[in-house]
Amino acid sequence: MMQTLTLEVSESLLDELQPYRDNLDDLLVVGLRQVKLESALALFKRGDISLWKAARMAGISLFELL
């Protein structure tokens, strides 16, 4: 079941999103994957989590993270 999400964005971001209007769900998936990876790597770099935990947090294999 699909749900509706309403976002308020700046006019400049709306203009940038226009070419991707039909694929916003794909854009969100890619963006979420990137945010998860960057967050996991930041925690790893600070020494807060292991490399294995960072891979799990990012949703990728340890091999992919390496």
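Ala42 versus (1) touching an Asp or Glu at 6+ places or on another chain (Cβ under 9 Å); (2) at pLDDT below 95: which is the lone unmet condition?
All conditions are met except number (2).
Go through the residues of segment 30-40 one by one and say whether even a single one is of a type in the set (Asp, Glu) and more than 17 Å from Glu64 (Cα to Cα).
Looking through segment 30-40, none of the residues is of a type in the set (Asp, Glu) and more than 17 Å from Glu64 (Cα to Cα).
The values are calculated or read from the model by the stated rules, or taken from the named source; none is laboratory data. Owing to the predicted nature of the structure, the values given are computational and were not obtained by experimental measurement. So basically every Cβ, Gly included, is an ideal-geometry build from the backbone, and we count neighbours across all protein chains shown.
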